[in-house]
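In what follows, a single structure is set out as structure tokens and then discussed.
Read-outs: derived from the displayed coordinates by stated rules, not from any lab. Note that the structure is a prediction, hence the values are computed from the model and not measured. Positions of Cβ are generated from backbone atoms using ideal geometry, with glycine treated the same way; all protein chains shown enter the neighbour counts.
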Amino acid sequence: MSEDIEVLNCPACGAAVHPPAGQSEFECPYCHNTVRVAPAAQGAGRSRPDPAREKEQADQVMALIHAGKQEEAIQFLMQTNGVSRADAEELVEALADT
């Protein structure tokens, strides 16, 4: 049985983010941009990932980038978020410039 988890992309950095149920805006855990969610996309009542875990993963990605370990950050994003290599590379590059 699959869970219905909504994923959006941060308009600033392109990261896959999970909006909290019923909230119209939230902070991207990667770039700290405020992301606004359209009412139709708010999806109240759907399963959501643990925000503390998301924050921990975002912190880990940023630590890898700041340590000059971009390849490890790319691999981590691919494994934890299920994104393509191209998307992970694009995100790491965008975050490295912040």
So, with points 7 Å from each Cα along the Cβ direction, the Thr98-His32 label distance in nm works out to 0.9
Semi-axes in Å, largest first, for the stretch 8-96 (Cα gyration tensor, √(5λ)) are 24, 12, 12
Sorted on mean Cβ neighbours within 10 Å (highest first), peptides 28-35, 82-89 come out as 28-35, 82-89
